[in-house]
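**Q** The following block contains the structure, expressed as structure tokens.
Please treat every number below as a calculation from the coordinates, not as lab data. Being a predicted model, the structure only gives us computed values, none of them experimental. Quick reminder, even Gly has a Cβ in these numbers, built from the backbone with ideal geometry, and neighbours come from all protein chains shown.
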Amino acid sequence: MPAPSVAESSKDTAAAPIFTSFNADYLVYRGGKSHGTAKRYLHKKDSHYEMGYSSDITWLVFSDKRSETSTFTLEQGRLKPSHYKMIRTGTGSNRHYELRLDWQKQQLFTGKKPTLKAIDWQEDWLDPLSYHQQLVLDLRAGKTDFTYQVLNRDGNNKVYHYQVVTEEALALPFGTVRALRIARVEENSDKQVLAWVAPELDYMLVRLWRGEDNVEQFDVQLQKVQWLTPTSTVDGLATTE
């Protein structure tokens, strides 16, 4: 079932673009076999949005469990992240990263115990999760080439460059959808990232593939999505799988 048409509703009003809240479940594959699950969500909370990603993966003797959250606002068509957190446990060392952005004071704090980072402030910063939703806005606007200034987990700026490669039918645990294949463009890199988003699901991420030296590392595929926006404001509320 198509996503609620929030893009169309926003065109009919003077309000800023809005996002539809959702919960989504994914299966994580490697070599064609399922090795875990993942979840993504986007929730509206008062004046801000919260986006989350979590995964639980087991492969041979390796285990990896992680969760990420991003809190952001939307102003004049641009996302402004205020807090990002990632916690990882499993084989090897555990990790805890946090970013806090104070837009009024133009200050960036990093770490579980916030420490002011000495870095030149940039008005277009995004975090490792929030740029996904900026991509949705840019795809709605018809763009096919994207460059984002993304803070990594240590608070260092990195340029992410993506391009729409093609549109194709994609068979998933969720079902078959028409999807845009988007490639991350990196020169002199041995890592590959491909993402598929479905226009009929308001450009939701339906598949994410990562490789290194063209060897698959993991393949995350959509299994189920639940739209959470009230039926009084959006038609088509449903759980689809």
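**Q** Pull up all non-local amide H partners of R78: gap of 5 or more, or a different chain, and H-to-H distance under 5 Å with H placed in the peptide plane.
**A** For R78, no residues qualify.
**Q** In whole Hz, with x marking every Gly and Pro, tabulate ³J(HN,Hα) for region 56-71 from phi via Karplus 6.51 cos²θ - 1.76 cosθ + 1.60, θ = phi - 60°.
**A** Here the 3J(HN,Hα) series is 9, 10, 10, 9, 6, 8, 8, 9, 8, 10, 8, 9, 10, 9, 9, 10 Hz.
**Q** Now, a different point. How much length, in nm to one decimal, is gained on full extension between R78 and N214, taken as 0.36 nm per residue of separation minus their Cα-Cα distance?
**A** 45.6 nm
**Q** Sticking with this one: Could you work out the local net charge near S67, counting Lys and Arg as +1, Asp and Glu as -1, over the other residues with Cβ closer than 12 Å to its Cβ? Walk me through the intermediate numbers first.
**A** On the way: positive: K39, R40, K65, R66, K85, R88, R95; negative: D56, D64, E68.
Net charge around S67: +4.
**Q** Could you tally the net charge around D219, taking each other residue with its Cβ under 11 Å from the Cβ of D219, Lys/Arg +1 and Asp/Glu -1?
**A** +3
**Q** Something else about it: Identify all aspartates and glutamates with a Cα-Cα distance to K117 below 13 Å; exclude those on the same chain that are fewer than 8 residues away in sequence.
**A** Candidates past the 8-residue exclusion: E98, D102, D154.
**Q** At what distance in nm do the modelled label points of V185 and N152 sit from each other, each positioned 7 Å from its Cα along Cα→Cβ?
**A** Placing both labels 7 Å beyond Cα along the Cβ direction yields 2.1 nm.
**Q** Something else now. Which length gain, in nm to one decimal place, applies between S93 and T58 when the Cα-Cα distance is subtracted from 0.36 nm times their residue separation?
**A** Net length gain for the segment: 11.0 nm.
**Q** To continue, here is another question. Given K39/K158; K45/K105; K158/K224; K44/K65, which pairs have Cα atoms separated by over 30 Å?
**A** Distance filter (> 30 Å) returns K158/K224.
**Q** Full extension from L194 to K113: what is 0.36 nm times the residue separation minus their Cα-Cα distance, to one decimal in nm?
**A** On the way: separation 81, 0.36 × 81 = 29.16 nm, distance 3.41 nm.
Taking L194 through K113 to full extension adds about 25.7 nm, to one decimal.
**Q** Based on the alpha-carbon gyration tensor of region 90-168 and its eigenvalue square roots a ≥ b ≥ c, which shape applies: rounded if a/c is under 1.5, prolate if not and a/b is larger than b/c, or oblate?
**A** Values: a/c = 2.81, a/b = 1.53, b/c = 1.84.
Oblate shape, in that a/c is at least 1.5 and b/c is the bigger or equal ratio.
**Q** For A171 paired with V159, estimate the spin-label separation in nm (one decimal), with each label point 7 Å from Cα along the Cα-to-Cβ line.
**A** Output for this residue pair reads 4.0 nm.
**Q** Of the labelled options (1) 19.3, 56; (2) 19.2, 60; (3) 17.9, 54, which one gives Rg and Dmax of the Cα atoms in Å as computed for this structure?
**A** Given (1) 19.3, 56; (2) 19.2, 60; (3) 17.9, 54, the calculated one carries the label (3).
**Q** In addition: Apply the Karplus parameterisation 6.51 cos²θ - 1.76 cosθ + 1.60, with θ equal to phi minus 60°, to every residue of region 35-48 and state each ³J(HN,Hα) to the nearest whole Hz, in sequence, with x for glycine and proline.
**A** The phi angles translate into 10, x, 10, 9, 9, 10, 8, 9, 10, 8, 10, 6, 9, 9 Hz.
**Q** How much net charge surrounds I87 when only the other residues with a Cβ under 10 Å from the Cβ of I87 are counted, with Lys and Arg +1 and Asp and Glu -1?
**A** Neighbour charge sum, excluding I87 itself: +4.
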